[in-house]
Amino acid sequence: MNPPLAGRTVVITRAASQSNEFIKLLEDYGATVLSCPTIEIKEADNYDRLDEAIDHLYGYDWIIFTSTNAVEFFLKRLAHLKHNVSELDDVRVCAIGEATADRLRSAQIHVDVVPGVSKAEGVFAALKEFVGGPENLSGLNILLPRAATGRDHLPKALEEASARVDIVTAYQTAMPAEVDRGRLSAMLAGSADCIAFTSSSTVRNLALLFDTQDLSNTLRGLAVACIGDVTAATAAEFGLQVDIQPTEFNVAALAKAIADYYVKESG
């Protein structure tokens, strides 16, 4: 029996440094995978605020890590400043997504909360439940190391609950320096069946590459897969109908959702 994605070609836009797992998962389902990253993960231009926060970790009640990228760059600065992970022992730690939690645990950092829903609204609900109600968020000092740009929903919700939130830049996302627009155009116009987006930035950067606010013509005939509803909402802003969206927000669930979509289509 053929694997579910045999004969199917999937274009992925994930950063090259993070695409190996996703590629393998899709290939295990039988897909031909074309990798054309529209995003690159880079060091921040300035680490003054993150370094200051690391030097004063004792002043925080919570650290919220929004991604494995946030963990990786935080740990690099921690080591650069000659601090030890044991300094996080007295701070509560929230990890968004199991992959983020696993990366923290592999660094010997405890994880107190992993929200069931891996987006801002789910994080706020999980923290509120953990501390025993919104009134207990009042007065807490929370560190949020993340990308230079990010959604404001979580910090706003925490601040409305009278917590104090320090948002510090741990890394930045950028358009890859050597994106081959011609190659990407050829992929999309050729044999591709599906395009997968793993963040809002991958959608926006694709639109920038084609200098358009409407990607519907650019991606005509392709099934559109998005890792979660935030990414799906961004795709909709750029004129796309999202065909595939898993209930869990990780690449394993996304690869399975793509496979399931084509099983149903062929069935």
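Of everything in the stretch 133-163, what is of a type outside the set (A, V, I, L, M), open to solvent by 50 Å² or more (accessible area, probe 1.4 Å) and outside any helix (DSSP H, G or I)? Give them in sequence order. Even if it seems obvious, please write down each step before you answer.
Here is the first cut: in the stretch 133-163, the residues of a type outside the set (A, V, I, L, M) are 133-136, 138-139, 141, 145-146, 149-153, 155-156, 159-160, 162.
Cutting the leftovers down to open to solvent by 50 Å² or more (accessible area, probe 1.4 Å) gives us 134-136, 138-139, 149, 151-153, 156, 159-160, 162.
Within the stretch 133-163, 138, 139, 149, 151, 152, 162 meet the criteria.
Here residue 192 fits the description: open to solvent by less than 30 Å² (accessible area, probe 1.4 Å), part of a loop (DSSP other than H, G, I, E, B), within 21 Å of residue 232 (Cβ to Cβ) and of a type in the set (Gly, Ala, Ser).
For the structure I just gave you, tell me whether residue 201 is among the hydroxyl-bearing types (Ser, Thr, Tyr), surrounded by fewer than 20 Cβ atoms within 10 Å (Cβ to Cβ) and assigned to a helix (DSSP H, G or I). For residue 201, the condition - among the hydroxyl-bearing types (Ser, Thr, Tyr), surrounded by fewer than 20 Cβ atoms within 10 Å (Cβ to Cβ) and assigned to a helix (DSSP H, G or I) - is not met. Can you tell me which residue is modelled with the highest pLDDT among those in the stretch 164-177 that are of a type in the set (Gly, Ala, Ser) and open to solvent by less than 30 Å² (accessible area, probe 1.4 Å)? If we take residues in the stretch 164-177 being of a type in the set (Gly, Ala, Ser) and open to solvent by less than 30 Å² (accessible area, probe 1.4 Å), then 170 is modelled with the highest pLDDT.
Restricted to the stretch 61-90, and to residues there that are open to solvent by 30 Å² or more (accessible area, probe 1.4 Å) and among the small types (Gly, Ala, Ser), the residue that is nearest to residue 47 (Cα to Cα) is 79. Summed over the stretch 82-132, residues that are among the aliphatic types (A, V, I, L, M), closer than 17 Å to residue 63 by Cβ and part of a loop (DSSP other than H, G, I, E, B) total 6.
When restricted to residues that are surrounded by fewer than 16 Cβ atoms within 10 Å (Cβ to Cβ), assigned to a helix (DSSP H, G or I) and not polar (S, T, N, Q), the stretch 10-50 contains 7.
Scanning the stretch 53-66 for residues that are touching a strand residue (DSSP E or B) at 6+ places or on another chain (Cβ under 8 Å) and modelled with pLDDT of 90 or more gives 53, 57, 59, 60, 61, 62, 63, 64, 65.
Conditions tested, residue by residue: (1) surrounded by fewer than 18 Cβ atoms within 10 Å (Cβ to Cβ); (2) in a helix (DSSP H, G or I); (3) touching a helix residue (DSSP H, G or I) at 6+ places or on another chain (Cβ under 7 Å); (4) free of Cβ contacts under 8 Å to residues at least 24 places away in the same chain.
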{"site": "207", "(1), (2), (3), (4)": "no, yes, no, no"}
{"site": "216", "(1), (2), (3), (4)": "yes, no, no, no"}
{"site": "219", "(1), (2), (3), (4)": "no, no, yes, no"}
{"site": "224", "(1), (2), (3), (4)": "no, no, yes, no"}
{"site": "254", "(1), (2), (3), (4)": "no, yes, no, no"}
{"site": "261", "(1), (2), (3), (4)": "no, yes, no, no"}
{"site": "265", "(1), (2), (3), (4)": "yes, yes, no, yes"}
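Considering (1) over 25 Å from residue 27 (Cα atoms); (2) touching a helix residue (DSSP H, G or I) at 6+ places or on another chain (Cβ under 7 Å); (3) open to solvent by 30 Å² or more (accessible area, probe 1.4 Å), the lone condition that residue 181 does not fulfil carries the number (1).
The values are calculated or read from the model by the stated rules, or taken from the named source; none is laboratory data. Model, not experiment: these values are computed from the prediction. Cβ coordinates were reconstructed from backbone atoms using ideal geometry, including for glycine residues, and neighbour counts include every protein chain displayed. Keep in mind that these areas ignore ligands, DNA and RNA; they rest on the heavy atoms of the full protein, side chains included. Shrake-Rupley method; radii C 1.70, N 1.55, O 1.52, S 1.80 Å.
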